[in-house]
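These notes are about the structure you will find just below.
Throughout, read-outs are computed from the coordinates displayed, never taken from laboratory work. Because the structure is predicted, anything quoted here is derived from the model rather than measured. Using ideal geometry, Cβ is built from the backbone for each residue, glycine included, and neighbour counts are taken over all protein chains shown.
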Number of protein chains: 2
Amino acid sequence: MTQNLFATRASRMKASEIRELLKLLDQPGIISFAGGIPDPNLFPTEAFAQACQAALNAGPQALQYSVSEGYGPLREWLVQHMREIGVDCSVDNILITSGSQQALDYLGKLYLSPGDTALIGWPTYLGAINAFDAYEPRFDRLMLNGNRGAAEYSEAAGEGAVKFAYLSPDFANPTGETVDLRGREYLLDLADDLNIAVIEDGAYQALRYEGDAIPPVLSLEQARKGSIEACRTIYCGSFSKTLSPGLRVGWVVAAKPIISQLVLVKQAADLHSPTLNQMAVEQVARTHFATHIPLLRKAYGARRDAMLEALQQNMPDGVQWTHPQGGMFIWVTLPTGMNGADLLARALDTVKLAFVPGRAFFADGSGANTIRLSFSNSDEDTIREGIRRLGIVLRA
Amino acid sequence: MTQNLFATRASRMKASEIRELLKLLDQPGIISFAGGIPDPNLFPTEAFAQACQAALNAGPQALQYSVSEGYGPLREWLVQHMREIGVDCSVDNILITSGSQQALDYLGKLYLSPGDTALIGWPTYLGAINAFDAYEPRFDRLMLNGNRGAAEYSEAAGEGAVKFAYLSPDFANPTGETVDLRGREYLLDLADDLNIAVIEDGAYQALRYEGDAIPPVLSLEQARKGSIEACRTIYCGSFSKTLSPGLRVGWVVAAKPIISQLVLVKQAADLHSPTLNQMAVEQVARTHFATHIPLLRKAYGARRDAMLEALQQNMPDGVQWTHPQGGMFIWVTLPTGMNGADLLARALDTVKLAFVPGRAFFADGSGANTIRLSFSNSDEDTIREGIRRLGIVLRA
C-alpha cells in the first residue's frame, strides 16, 4: 500500500459533499432540491440518437483518435454561438474540453503554482474550489463592491502571486445571483490593476428567465481592448445545462497563446475529448440549440416561479432568499445561529426533504446558516410540496 | 494577455512531436509508419452504432450526469476481464477513466510533488513523460537488469522521494519489447525495497501475436501478497487499442484506498467519464470483445510479420530492430552517429515515408540514432513498400 507516498496536494482533496449526498437520495418518497442537475426529461434524447447514428454511419472517424484542440465543425459552430452572445473570436480561440469542469482543472494547472492566490467568491461553485485546490493555492475573497483594492489583494497574496479571479456572472451556482454591468466593469478594472486573468464560468448563461442579457465579461473586455488577443478574460462554456451533461462537452474561449498552452495541457492529460461526443453535440447544437433553449427557459422558469412563490408563502420571518433571473438555484439564508447541515438532517428525517447545506461553497468555512435549493429537476407540484415541508422543519 | 502568469510547470509543457508530426502527413502518396493508431477499418463500428442506439433508446440516462467511479456494469465486466488475465479484484478496485492517458495524469497528480522522482524507461511512452512532467518531477532511469539497487535510486532522488516506477510490460510503446517474468519479479523486489508504487500500463496487453501471455505485474504481486489490498501495483487498462480510441474509455485497477483517492481526483478534474461512452463500451465489450480480439491479433500479427520480413530484406548492415511479440511498434536502432530526425527529413523529402524519430521517447534527450515504426495502420503491401523505401534512404 502506498498512500504514504501521496503528493502534498492529496491532503487537500475531499469528497464533494454534494455528490456524496446525492448517493443517499435513492430512498422512495424523498423530495430532493439537492443536486444541481438538469431534468433528463428535457434532454433532446431523440436528436442525440439520430446524431450518434449519423456520426457512426459516416464511418469509423467517430471512434478514432482526433486532435486535442477539438472537432473542427463544433468549434466553428461555437464561433457563431459566441458571436451571438457578444464575443468575436475565431476557431483558433476555442478549445473543446470534457465539460467546463475540465476547463477549470486545466486553468488551475496552467496558472497555479503552490502558494499562488486564486480570487473566488464567498460562496462560489464547489467544483471550482475543488479543481483549483489540487494545485495548492491560497484562496482570497473576490469582492465586486469596491471594498477591496488591488493593493490589498496583492499584499494578502504574500510570497505567491494573485493569478486569476474566478466567477460565474450569470445565475451562479450556488446563489443564483447575477453580477450586474457595473460589477463586471469593476472586475475588469481590478483585473487590469492586478494584472491577473479572469476566468468567466458561463455554465448557466443560456438559461435566463427574465430581464435582458448582460454581456459576458469577455465581451465587455473586448469592447474595451478591441481584440480577443488583448483580453485577459477566459470564457468557459458548457453544453451540460443545455443539451446533455453526460456527454461531457464544454469549451474554452481565450486569446490564442492561452488556448495553445491549454491544448498542451489537454494533450498530456487525456489526449482529446471523445470524438463521437463532439460530433453528436455539433449536430444537435446545429439542428436543435436555437429551438431547444426556449423550451428549457419556459420549463425551468416555471419551476423557479413556483419555488419563489412557495418560499413567499411558507418561510417564517428571518429567512431570506435570492431572486435568480435564471439558472437552477435559489440560495436561502437562515437566521444567524441556525445550521444548514443540522437542518438537512432534520429535514431528511422528519419530512423527507433534501437540499445542500451552504457551507461547502465557502472556502473559508463560513456560511453555516445557508442552504442551496435547486428547482431544475422537480415539477411545480413537487416544488410546492417540498417548500411546504421546508417551512414545517424551519418552524419546528 | 496573461502568459506571464503561468505556473512554473508551464515551462515544461511542449507539444508532442508525434501529434505535431501527424498533422504534416495529409499529403497524398505518403506512407506513414508514424502514428501509433489502430486501423479504423478494424473498429467494431456497427456494434457501436447498435450499442449507442440501445443506450439512448433505454432513456435519457446515457445523457445524464453519472458517478465519478464509473458505470457499474462496465466495472463489473472489467472484474471478469481482469480475472481472465490473472488479477482478482472487485468493482471497488476499479475506476473508469477517459482513456489510460487520463489515468497517467491522475496518478502523476496523486503521487508527485515537485522534485519527487518518477522511474521510467529510457525510452518510454512519450505520453507518460508528458503526463507526469506537469507535476514537475525528476525522472530517473528504471533498469530491470539488476544494475542499479534501491540505495542508488534513493540517493539520486536527493531532496525528493522516489514515488513510483512506470512501465508498459507488454509490447511497449515505443520499443515493442516485453518484460519477461524475471524482469517483472525483479521490479516487484525493487519496488518493495524502495517502498514505491508501480504503475503498470497495459495498453497493448491484449494484442499478443506469438508466445504465451506473461502474467501482469499486478497478478504476480497478488500471488506474493494474497490480496489486491496489499499490492503497490496500479494497473492501467484501455479500450483504445482493442475497441475504440475515440470514445476515450480506460480503467485503473488498484487497492481500494488508491481508487478512493483517484475518485476524488476525477471528481475535481472532470466529474466523470461520459455516460453514453461507458454504456456503449460495456455493451460492445460484453458482446464482441471475445470474438474481436482474435480478429485484431490476426490482422495486426500479419502486418508485424510483413514488416519484420521486409526489414530483414531491406536493412543495410549496422541497423538493428526489435522483434515484438505483440502491440503496434518495431524499434529500429541506426548506426551510431546517424540521426533519426535527419533521416525522417530525408525520407519525407525523397521517398515520401514517415516514421517517428526516437529521441522524443528519452527523458534524458539521448536516443538520437533510433526511430519508431508502427505497423498497425498499413496493409502488408504498403508495409513492404514503405520498408523498401526506408532501405533506399538508409543506403543513400
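What to note about this one:
- With θ taken as phi - 60° and the Karplus curve 6.51 cos²θ - 1.76 cosθ + 1.60 applied, the whole-hertz 3J(HN,Hα) list for segment B:184-198 is 5, 5, 4, 4, 5, 4, 4, 5, 5, 4, 7, 6, 10, 7, 10 Hz, x standing for glycine and proline.
- Antiparallel bridge percentage (DSSP; both residues within segment A:45-288; nearest 5): 35
- For A:Ile199, residues with placed amide H under 5 Å, excluding near neighbours: A:Ala165, A:Tyr166, A:Leu167, A:Ile234
- Of all lysines in the structure, those lying under 21 Å Cα to Cα from B:Lys352, and not within fewer than 8 positions of it along the same chain, are B:Lys23.
- Put in order of Cβ neighbour count within 10 Å, fewest first, the listed residues A:Met328, A:Met143 become A:Met143, A:Met328.
- Across the identical copies, how the A:Gln320 labels are spaced - nm, sorted shortest first, 7 Å along Cα→Cβ: 7.6
- Estimated from helical segments only, the mean residue ellipticity of the protein assembly as shown at 222 nm is -13500 deg cm²/dmol, where each DSSP H run of four or more residues counts as -39500 (n - 2.57).
- The charge dipole of segment B:46-288, taken about its Cα centre with unit charges on the Cβ atoms of Lys, Arg (+1), Asp and Glu (-1) only, comes to about 420 debye.
- Sorted by Cβ neighbour density within 10 Å, fewest at the top, the residues B:Tyr186, A:Tyr135: B:Tyr186, A:Tyr135
- The DSSP beta bridges internal to the protein assembly as shown are antiparallel in roughly 50% of cases.
- Bridging of B:Lys256 to aspartates and glutamates at a Cα separation below 18 Å is possible for A:Glu20, B:Glu69, B:Glu76, B:Asp88, B:Asp92, B:Glu200, B:Glu221, B:Glu229, once same-chain residues fewer than 8 apart are set aside.
- Partner shielding of B:191-198 amounts to 2, given as the average count of beta-carbon atoms from other chains within 10 Å of each residue beta-carbon.
- Beta carbon of chain A nearest to the axis of the rotation taking A to B, residue and angstrom distance: A:Cys52, 2
- Mean partner shielding of peptide B:111-118, defined as the number of other chain Cβ atoms within 10 Å of each residue Cβ, is 3.
- Residue order, fewest to most surrounding Cβ atoms within 10 angstrom, among B:Arg224, A:Arg297: B:Arg224, A:Arg297
- Across peptide B:103-109, the average count of Cβ atoms from other chains found within 10 Å of a residue's Cβ is 4.
- By average C-beta atoms within 10 angstrom, highest first, the peptides B:4-11, A:171-178, A:110-117, B:36-43: A:171-178, A:110-117, B:36-43, B:4-11
- Contact order relative to length of segment B:46-288, as percent, for alpha carbon pairs under 8 angstrom and 6 or more apart: 30
- Charge dipole magnitude, Cβ of K and R +1, D and E -1 - the protein assembly as shown, Cα centre, debye nearest 20: 440
- Most mobile of B:Ile228, B:Ile30, B:Ile94 in a GNM of chain B (Cα contacts under 10 Å): B:Ile30
- Segment A:45-288: C-alpha gyration tensor shape, a/c 1.5 cut-off, then a/b vs b/c: prolate
- Database remark: amide H of B:Gly326 closer than 5 angstrom to the amide H of B:Tyr209 (H placed geometrically; neighbours at sequence offset of 5 or more, or on other chains; Pro and chain starts carry no H).
- Using a 7 Å Cα-to-Cβ projection, B:Arg388 label spacings across copies, nm, ascending: 8.4
- At 7 Å out from Cα toward Cβ: A:Pro28 inter-copy label distances (nm, ascending): 6.7
- Dipole of the protein assembly as shown [Lys/Arg +1, Asp/Glu -1 at C-beta], most positive-end residue of A:Thr124, A:Pro169, B:Ala58: B:Ala58
- The alpha carbon centroids of segment A:136-188 and segment B:134-209 are separated by 45 Å.
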